[in-house]
1. Could you tell me the relative contact order of region 2-302? Use alpha-carbon pairs under 8 Å, at least six residues apart, and round to a whole percent.
2. Residues with amide H under 5 Å of residue 242's amide H, sequence separation 5 or more or different chain, H placed in the peptide plane at 1.01 Å from N; which?
3. In whole Hz, what ³J(HN,Hα) sequence does region 92-98 give by Karplus (6.51, -1.76, 1.60; θ = phi - 60°), x for Gly and Pro?
4. With θ set to phi - 60° and the Karplus curve 6.51 cos²θ - 1.76 cosθ + 1.60, what are the ³J(HN,Hα) couplings of region 185-200 in order, to the nearest whole Hz, using x for Gly and Pro?
5. Would you mind putting 227-239, 122-134 in packing order, based on average other-beta-carbon counts within 10 Å, highest first?
6. Please sort 64-76, 179-191 by packing, taking for each peptide the average over its residues of neighbouring beta carbons within 10 angstrom, highest first.
7. In µm²/s, what is D for region 2-302 at 20 °C and 1.002 mPa s, where D = kT/(6 pi eta Rh) by Stokes-Einstein and Rh is the Kirkwood radius from Cα pairs?
8. For region 141-240, what relative contact order do you get, as a whole percent, if you take Cα pairs closer than 8 Å and at least 6 residues apart?
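Computed from the coordinates by the stated procedures, all read-outs in this text should not be read as laboratory data. Since this is a predicted model, take the numbers as computed values, not measurements. Ideal geometry is used to build each Cβ from the backbone, glycine not excepted, and the neighbour counts take in all protein chains shown.
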Amino acid sequence: MLPRLCLALLSLAPLVAPPAAHAEGRVALGWGRMFDNDALGDMEDRWYTGSYTVSQIRGSDWRGSLPGQPFDLLEFRVEANTIAPADLVSPDPTDRRYAGILSFGLHSQFDWQGIEANIGGDLVLVGPQTGISAFQDWAHKALGMPDAAAYADQIGNGVFPTISAEVGKSFALGPGMSIRPFAAVRAGDETFARIGGDLTLGHFGEGSVMLRDGATGQRYRAVAGDRVEGLSFVAGGDVAAMLNSAYLPAGGAAIMSDTRERLRMGVQWQGGSNAVFYGITWIGPQFDSQPEGQIVGSLNIQLQF
């Protein structure tokens, strides 16, 4: 089952660059942003400690539904991520190692025989070369905090060409209520196959370009469709079968778990032109010696001036 799912989804992505003919007449349609931090969740400052993702959506226009051809609608994505042991100063030798991650991606969403499809590729940079650990070390020293031994034993420099694909389909359960099961695969810095679903109570996401946050799986809006004022509530979850991870390398003290689970919920407030999303995600243990899961908070603020 797992190999067939991987092959079926990755077959959607034989190309990672748009045809030149599609590039004409493209304009910026919107921006998507998501900030994750465990300071917005359980405030433990460990494992998935923070990430920030910024995407620009470009296309000829947006009429409230996905185009029928890949690469008519493009997402240019930049993401910075920090993974850390529970104690930066004196890390437990069985804990996971620090990792600074910076990625640059090109993705495309389209309608594939009635299915919402997203394919793309990322160039993922890992290690001191990203400058993330150096910046965090400088910030900690500026605050008078002790030196962190975790930086010296961080995941080393690496570059990982990565491809990914997701397919999903939304089903209306009633007015202002929908459910969207999905399946996804990724191969590169981490290789896995994932299945899950998202439930929406309200009008959040209707007629919009929606993106999925990598760390938490929370969905957020990049191009606005219907701006129905009021509150929307979302909930979801997924499970991944893990094949490998550059952040939990084979032979290390922290042994990667075979599966990875996430449960999430959130609320979106939509005003006339402004919107705020806040969500929390429980991320289950990702390595065998991890004593428990963690809760990460997510924030997206959209302001129109």
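1. It rounds to 16 percent for region 2-302.
2. Hits under the 5 Å cutoff: 259, 260.
3. Listing the rounded values in order: 5, x, 8, 7, 6, 8, 5 Hz.
4. Computed from phi, the couplings for region 185-200 are 9, 8, 9, x, 4, 9, 10, 7, 10, 9, 10, x, x, 9, 10, 10 Hz.
5. Sorting 227-239, 122-134 by mean packing, highest first, produces 122-134, 227-239.
6. Listed from highest to lowest mean packing, they are 179-191, 64-76.
7. 107
8. Worked out over region 141-240, it gives 21 percent.
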